[in-house]
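Just so it is clear, none of the values below were taken in a lab; they were calculated from the coordinates. What you are looking at is a predicted structure, and each value in this text was computed from that prediction instead of being measured. With ideal geometry, Cβ positions are generated from the backbone for all residues, glycine too; neighbour counts draw on all protein chains shown.
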Amino acid sequence: MFNWISPFNYDFAIAAIPIQIILLVFYGFRRNLPIWQSTCFWLVMFSNLVMTTADIISCEMNEIWNEFPLWVMYAINHAYFLGFIIRGWALFAYTSESTHAYKKGDFVYRIITNAPAAVAVTLILSTPWTSAIYTIAEDGYHNCSLYQTIYFSTYFYIFTSLLLIVLNWRKLSRRMQGGLLSYNLLLLFGILIRKQFYHMLVTSYFSILCIIIIFLTSENPDLHRDNRTLLLNKDALDLIGYDYWEKKIPFSLLTIAIHNYEASKTIYGVTQLNDSLRTLSSWLSKSYPRNFVFYTRNGTFVILIRGNLQKEPEVVIDDWKAKFDELKNRHFDILPLKVSVMLIPSTIIADNVSITSDLARYAMNSAFSENHKGNYVFTQDMVETVNKRKAVEKAIKKAMNDNSFEVYFQPIYSTKEEKIVGAEALARLKDSELGFISPADFIKIAEKNGDIMEIGRQIFEKVCIFLGAINVERLGVQFINVNLSPVQFMNTNLAGEFSDIADKYDVSMDIFDFEVTESTVEDYEMIHKQVLDFQSKGSELSLDDFGTGSSNLSSLMSLPIHVVKIDMSFVHSYFNGKDKFLPDLIRLFRNANMKVVVEGIETLEMKEAIAEMGCEYEQGYFFSKPVPPEEFVSYMEKMMKENSGDKD
């Protein structure tokens, strides 16, 4: 044990020093993100170590001040006070960066938030001549009139940090919310304890607790690194990209996507695929040492090229191709993968910084098709496509919140009864800004982001509201087909939820025939369960758009599906003289005791020819385009009168 000279208790401060040194060493030997947020964390740790060490030493030296030169006494006390101020400012700067509170060009914000620290530092540095903060007189160390300035600065930064957290709360992840709020409150508590127990040096201890919280919630290098490839991950890409945008640093993105990544797991096995990923990752890091390489999961990589491109985009792509071909030749045995690349130049990013992540996502998803067309560099047309997608996503969210999706009905004709007997319910979306949005556009987007679950529920409820308000028997409506997305099929309680909605409007489930696509049928175990669930409620399932998927025909025939709808592409090919197997296809399903619906009927010739092939149901513009509920009722009433007239 040391025999301390001063009356201060150093236990907490001494305990904090080795922890701080360990964190500094560990953090220093790991690759950190090149962003101001990480720099602030460095500054917090370093200033806290200086403050803690100087605090202990100065307390001891102040007891025997006359044994040291005056400049040494001022130097060690200055180290403590400057460390104290800089640590408080750096913690605030870290909070400001984490909440993205600072806006480019907001000099007023910078002046206001930097002023307290600047004033405190100025007073500290002037102290040997002005005795503003403290003095070392003939009788030793004394606090002076402006000593409380250092605490004012600390309180200012803590409360300003808390204000920033509250104002930007919704923009933060839960992890960041908890981390930022807890360490600021903890630091405030530590300062209050220090004021209450003056002779106990606890500030350093609470500071190291704050540093540990920051490290665990956001600054641990492992949080920003992919475990398999050891490359930076998508979170790191987002942070670096945002930081570069704030600092107006130009950068380009080279996206790399492995073809058929999920299928490659089955073809090559997970072990070989992981070996290939590691080989490719190592090669990318060595080939682009001055740039940042990221693995954003699912077989996609991104290279961030800082600054404006030194070569033409086409030359950058040619260099990539040459390098990658050389890699494949050297490692073909462990790297049998094919990749697609897209380059997003800094000029494109500079004009579209707010949607950079969307541009990168589109580049990765569309790289294969664009490369096939000879496109390797992101163009303004692609930007327009991304902007359109963003606008459609916004329209979808608005329609969901407003419950403004519409239901249209397209009649289905029975060749046996020679009349309209049912209809297919179709979702329609009209936006005040975009106008009519094609289902081909909004359904794909809704399936990818999960909104299709809520859209499907709203559409089905509106169908039930409509059916509950009309006399279906009087109109001759025997069934209504409702489309189900493969994403909806993942809901194991789908039949129960739909049954509850139908019961709410006193609609029997046996009027519904739910259509599923071939991609859904690929999961035979799931569809068996769903078919049984819907049948238990009185409904049936049918196969929609046969011919657009790749399901196994023999397995398909074994499913308890009673109706198959043949895609209109077969119909058009048949009547255009390209393919002649449509009659055989209809005969195949009829022999399997399945009824057939053929869509795409546009002429009387097609109607009569398809009926002669033995098809039970027909659907298409020859009968009617999809129409709103009111028009569908009028249409059915008209058909009922015509049928009655024919009988008379």
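Charge tally for Met73 (other residues, Cβ to Cβ under 12 Å; Lys, Arg +1; Asp, Glu -1): -3.
Rounded to the nearest Hz, the phi-derived 3J(HN,Hα) couplings of region 616-625 under the Karplus curve 6.51 cos²θ - 1.76 cosθ + 1.60 (θ = phi - 60°) are 7, 10, 10, 8, x, 5, 4, 8, 5, 6, where x marks glycine and proline. Under the criterion of Cα pairs below 8 Å and six or more residues apart, the relative contact order for the chain equals 8 percent. Each residue of region 246-259 is assigned a 3J(HN,Hα), and the resulting list reads 4, 8, 6, 8, x, 7, 10, 10, 10, 9, 10, 10, 7, 5 Hz, derived from the Karplus form 6.51 cos²θ - 1.76 cosθ + 1.60 (θ = phi - 60°), x at Gly and Pro. A dipole drawn for region 11-221 from +1 and -1 charges on Cβ atoms has a positive end, and of Phe156, Leu70, Thr135 the residue lying farthest that way is Phe156. The C-alpha atoms of the chain define a longest principal axis, and helix 107-130 lies at about 10 degrees to it. Annotation: aspartates and glutamates with alpha-carbon distance below 13 angstrom to Lys504 (same-chain offsets under eight excluded): Glu461. Restricting region 429-533 to GluC sites (Glu not before Pro) that sit in a DSSP loop and have at most 14 other Cβ atoms within 10 Å of their own Cβ leaves Glu433.
If both residues of a DSSP beta bridge must be in the chain, then about 60% of such bridges are antiparallel. Relative to the Cα centre, the charge distribution of region 404-647, modelled as +1 at Lys and Arg Cβ and -1 at Asp and Glu Cβ, gives a dipole magnitude of about 360 debye. Dipole orientation for the chain: of the candidates Leu434, Ile455, Gly374, Gly374 has the Cα lying most toward the positive pole (charges on Cβ; Lys, Arg +1; Asp, Glu -1).
For His259, nonlocal amide neighbours, meaning residues 5 or more places apart or on other chains whose placed amide H falls under 5 Å from its own, are Lys338, Val339, Ser340.
For each pair in Lys416/Lys580; Lys529/Lys607; Lys388/Lys565; Lys338/Lys398, compute the distance between the two Cα atoms and list the pairs where it is over 28 Å. Going by Cα-Cα distance, Lys529/Lys607; Lys388/Lys565; Lys338/Lys398 fall outside the 28 Å limit. Taken about its Cα centre, the chain carries a charge dipole of about 2140 debye when Lys and Arg each add +1 at the Cβ and Asp and Glu each add -1 at the Cβ. What does the charge count near Leu43 come to, summing +1 for each Lys or Arg and -1 for each Asp or Glu among other residues with Cβ under 14 Å from its Cβ? Computed value for this residue: -1. Taking amide H atoms as placed 1.01 Å from N in the peptide plane, the amide H of Val564 lies under 5 Å from those of Leu543, Lys595, Val596, Val597, each 5 or more residues away in sequence or on another chain. Karplus-derived 3J(HN,Hα) values for region 53-61, using 6.51 cos²θ - 1.76 cosθ + 1.60 with θ = phi - 60°, are 5, 5, 4, 5, 5, 5, 4, 5, 5 Hz; glycine and proline are entered as x. The spacing between region 563-577 and region 83-132, judged by their C-alpha centroids, is 72 Å. Simple rule: put +1 on each Lys or Arg Cβ and -1 on each Asp or Glu Cβ in the chain, find the dipole, and look at Leu223, Tyr621, Gln410; the Cα lying farthest toward the positive end is Leu223.
Compute the signed sum of charges (Lys and Arg +1, Asp and Glu -1) over the other residues within less than 10 Å, Cβ to Cβ, of Asn403. That works out to -2. Cross-link check: pairs Lys265/Lys373; Lys171/Lys286; Lys444/Lys625 evaluated at a Cα-Cα cut-off of 32 Å; pairs beyond the cut-off: Lys171/Lys286. The peptide list 369-382, 480-493, put in order of mean Cβ contacts within 10 Å with the highest first, becomes 480-493, 369-382. Distance between the C-alpha centres of region 199-275 and region 414-450: 41 Å, rounded to the whole angstrom. Taking trypsin sites (Lys or Arg not before Pro) across region 262-334, the ones in a DSSP loop with at most 16 further Cβ atoms lying within 10 angstrom of their Cβ are Arg290, Arg297, Lys311.
Dividing the mean sequence gap of close Cα pairs (under 8 Å, 6+ apart) by how many residues region 115-167 holds gives a relative contact order of 26 percent. Close amide H partners of Glu424, meaning residues 5 or more places away or on another chain with modelled amide H under 5 Å apart, are Gln410, Ile412, Asn481.
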